[in-house]
Amino acid sequence: MTALTIKLATTAADHHIARMAALALGLSMLEAAIPSPLPGVKPGLANIITLIVLTRYGWRMAAWVSLLRVLAGSLLMGSFLTPGFFLSLSGALCSISILAISQYLPARWFGPITHSIFGAFAHIAGQLLLVYFWLIPHTGLMYLIPVFATAALLFGTVNGLIAAHYLDAPNTEIEVPKLTG
């Protein structure tokens with residue numbers, strides 16, 4: 001009996017999306033190893049890659065990178081189809097939706113830093129809404145909004161500054177080493 005081989009036709013863009021998603025996934029795995037002082041508060045390091053991809057390659061590619069990161073991350077962490085997966089997915093969907101809109105704001109006043117802050121607030125809002133409507137339908141969640149909003153502002157600003165610094169650097173291209181073997 002011979003083994004069935006399925007070959008998919010891929011493009012250079014497909015490979016680039018996969019490399020960017022792998023880089024974002026690596027940052028997510030690194031972030032998962034960092035202890036959090038408050039459950040649900042994370043720096044969102046992978047969003048730096050999403051911001052760079054959004055600026056350089058557009059919304060569609062950024063959406064692919066973000067969603068592939070969430071899916072692959074949940075599979076690697078063993079959280080696929082758990083509440084944590086859906087929280088991550090809802091945050092990513094809200095964030096990428098806001099980024100899709102914010103990219104059309106005047107570049108003179110809005111750049112990677114403001115996009116990052118908008119995305120961070122959208123991420124937290126999406127997660128809190130999901131928690132409220134699915135897991136904990138209690139108004140006491142409103143007491144957490146200032147804490148999460150402060151974290152979103154802080155981490156959104158820092159991630160935006162990192163992305164802006166990278167985007168401003170001359171002749172920089174994200175290079176992900178190709179595995180051989």
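Assorted remarks:
- Label-point separation, LEU67 to HIS15 (7 Å along Cα→Cβ), nm: 2.4
- Cβ-Cβ distance of LEU141 and SER79, R₀ of 30 Å, FRET efficiency by 1/(1 + (r/R0)^6): the value works out to about 0.90.
- Signed unit charges on C-beta, dipole axis of the chain, positive-most listed residue ALA164, HIS16, ILE124: HIS16
- Computed Rg/Rh of region 1-86, alpha carbon atoms with Kirkwood Rh: 1.07
- Per residue solvent-accessible surface (Å²) - the chain, probe of 1.4 Å: 62
- Residues ARG56 and ALA149, FRET efficiency given R0 of 25 Å [Cβ-Cβ distance, rounded to 0.05]: 0.30
- Dimensionless Rg over Rh [the chain; C-alpha; Kirkwood]: 1.01
- The accessible surface of the chain, taken with every protein chain in place and a 1.4 Å probe, is 71 percent carbon and sulfur.
The values are calculated or read from the model by the stated rules, or taken from the named source; none is laboratory data. The model shown is predicted, which means the values in this text are computed figures rather than measured ones. Counting neighbours? That spans all protein chains shown, and the Cβs are built from the backbone with ideal geometry, glycine included. These accessible areas exclude ligands, DNA and RNA; they are computed on the full protein's heavy atoms, side chains included. Shrake-Rupley method; radii C 1.70, N 1.55, O 1.52, S 1.80 Å.
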